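Enquirer: Here you go, one structure.
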Amino acid sequence: MTADGTVTEPIDTAGTSTTIADVAIVGGGLAGSLAAAVLARAGHRIVLIEKRAGHPDEFRVEKIGGHQLELLRKLGFFSALEDVACRYDQVLNIREGKVVDVSVGQAYGFSYADLVAMARSQIPASSSLVVDEVTAISGGGDVQHLELASGRRVTARLVVLATGMAAALGYKLGIKRRILAERHSVSFGFTIARQDGRPFDFEALTCYGERTADGIDYLSLFPARAGMRANLFMFRDPTDPIMRELRREPEATVLRLLPGLRTYLGDFRVIDRVQNWVMDLTVVEGHLQPGIVLIGDAFQTNCPAAGTGVARLLVDVDRLCTEYAPKWLATPGMGLEKISQFYSDRDKIAADQQSLKLARFRQALTSRDDIGWDVRRRLHFLRRSLAHRVDQMHPGWIGRVRGVLRA
């Protein structure tokens, strides 16, 4: 299914129709769309079921780099990513107005809607996007039955739930979310530009919080098609008045919280709507069921500040769609012994655990004000600053040392 491929709208005349597929994927965000593309390109009959034909322009994933790019290459999406994203190779990292270090490495900025559209464009035209809502799932043996709001039905051997944090369908199946950390973090997204129309003096920039009382982890600035995109990550009560101030007067509020930014931004303005997101850290229970598997945020949520969400999602897609699902479909049955293989996968478990570990670390490094974490925070930035100075005097030396240590 390309961008102009098969899009099936829910119409009354199709009320009794049934679609047969190998895999039905519920949820057409990034996880579901990538999974659909990988499985369909491998020759499996795929139905992607999503309530909206086009994904709205909402604040979600907006940048990727490092190991995430390696996974995208492995899955065959890297070239398509380059067509919708803005590349940058250097990030200036500052704190209290001073340079901490400079990160060097390939990364990309984009809008989430463009990223989802890119993933959907890679689905072969032989597969279908059904614009509808799943109201019930039954089965449990070799065939699963999905009922849609329009009256249609879908039968598939395997159902992949990629429904993000939407819990209604899972709840009907007895799948519940356990909250590990309620209101763990708050994220803001907006686009900025200089008042004089000139480009900023940096390719990308990260400004770390200056005081634990502010609860600011960092502000990340990076290029996207709409302009210089800003992602602000905080560990703070989402009912605090500062949240309202960030939405109403973002320029003045950001500079008040991060005064060291003023020298780097100059006279700037926010040129689009300020969006924000409150994130709970959760994991599902009761998910081990025959014929059904959960991926991405449908299984476990992430802390946006930790930057592990896309990595987890890509690991889920890779392990399920290149390793397990093809093997499951090659033999009869879709019982618990098959489904449990995915949840027990070593790479998946490691990615899930690392995500939670980094979420807790970022919160503690940002907000804990006891002497132990204060010392740890100072040492964290001191080590980075010293390594940067050494690398300036002896370019490449730090990288060679790290390479030897990893060998």
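Enquirer: Residue by residue through region 28-40, which ³J(HN,Hα) values in whole Hz follow from phi under the Karplus form 6.51 cos²θ - 1.76 cosθ + 1.60 (θ = phi - 60°), with glycine and proline marked x?
Expert: x, x, 5, 4, x, 5, 5, 4, 4, 5, 4, 5, 5
Enquirer: Another question, if that's okay. In the chain, if the dipole is taken from +1 on Lys/Arg beta carbons and -1 on Asp/Glu beta carbons about the Cα centre, which of LEU92, VAL26, VAL315 is farthest to the positive end?
Expert: Value: LEU92.
Enquirer: Here's another thing I want to ask about it. Measure off 7 Å from each Cα along the Cα-to-Cβ vector at THR263 and GLU96, then give the distance between these two points in nanometres to one decimal.
Expert: 1.3 nm
Enquirer: Let me ask something else. Given Cβ point charges of +1 (Lys, Arg) and -1 (Asp, Glu) and nothing else, what value in debye, to the nearest 20, does the dipole of the chain about its Cα centre take?
Expert: Values: 52 positive and 47 negative charges, 207 e Å.
Magnitude of the dipole: close to 1000 debye.
Enquirer: Right, another one. With runs of 4+ DSSP H residues as the only contributors, calculate the mean residue ellipticity of the chain at 222 nm using -39,500 (n - 2.57) per run, divided by the residue total and rounded to the nearest 500. Mind showing how you got there, number by number?
Expert: Working: 14 runs with 141 residues, N = 407.
The per-residue figure over the chain is -10000 deg cm²/dmol.
Enquirer: Can you send over the carbon and sulfur percentage of the accessible area for the chain, probe radius 1.4 Å, protein chains only? Kindly include the intermediate steps, with their values, before the conclusion.
Expert: On the way: 9600 of 18640 Å².
Carbon with sulfur: 52 percent of the solvent-accessible area.
Enquirer: State the antiparallel share, in %, of DSSP beta bridges confined to the chain, rounding to the nearest 5. If you can, show how the numbers build up before the last one.
Expert: Working: 54 of 80 bridges.
The answer is about 70 percent antiparallel.
Enquirer: Does anything in region 214-228 have its amide N under 16 Å from the 7 Å Cα→Cβ label point of GLU251, and if so which residues?
Expert: 228
Enquirer: Something else about it: Return one whole number: the accessible area per residue of region 256-407 in Å², for a 1.4 Å probe. Could you put the intermediate results ahead of the total?
Expert: On the way: 7880 Å² over 152 residues.
I get 52 Å² per residue for region 256-407.
Enquirer: Among VAL390, VAL274, VAL26, which one shows the highest mean-square fluctuation when the chain is modelled as a Gaussian network with alpha-carbon springs under 10 Å?
Expert: Greatest mean-square fluctuation among the candidates belongs to VAL390.
Enquirer: Let me ask something else about it. Zone of ALA125 (label point 7 Å along Cα→Cβ, backbone N under 15 Å): which residues in region 41-57?
Expert: Those under the cut-off are none; the list is empty.
Enquirer: Right, something else. Please list, ordered by chain and number, the residues whose modelled amide H lies under 5 Å from the amide H of PHE268; skip anything fewer than 5 residues away on the same chain.
Expert: When sequence neighbours closer than 5 places are left aside, the close amide H contacts are GLN195.
Enquirer: Using a probe radius of 1.4 Å on heavy atoms only, what accessible surface per residue do you get for region 17-97? Whole Å² is fine. Working shown, then result.
Expert: Values: 3160 Å² over 81 residues.
The answer is 39 Å² per residue.
Enquirer: Here's something else I'd like to know. Could you run the Karplus curve 6.51 cos²θ - 1.76 cosθ + 1.60 with θ = phi - 60° over region 377-390 and give me ³J(HN,Hα) per residue in whole Hz, x for Gly and Pro?
Expert: Couplings: 5, 4, 5, 4, 6, 5, 4, 5, 5, 5, 4, 5, 5, 4 Hz.
The values are calculated or read from the model by the stated rules, or taken from the named source; none is laboratory data. The model shown is predicted, which means the values in this text are computed figures rather than measured ones. Here Cβ is always computed from backbone atoms with ideal geometry, including for glycine, and neighbour counts include all displayed protein chains. Just the protein is used for accessible areas: all its heavy atoms, side chains included, with ligands, DNA and RNA removed. Shrake-Rupley method; radii C 1.70, N 1.55, O 1.52, S 1.80 Å.
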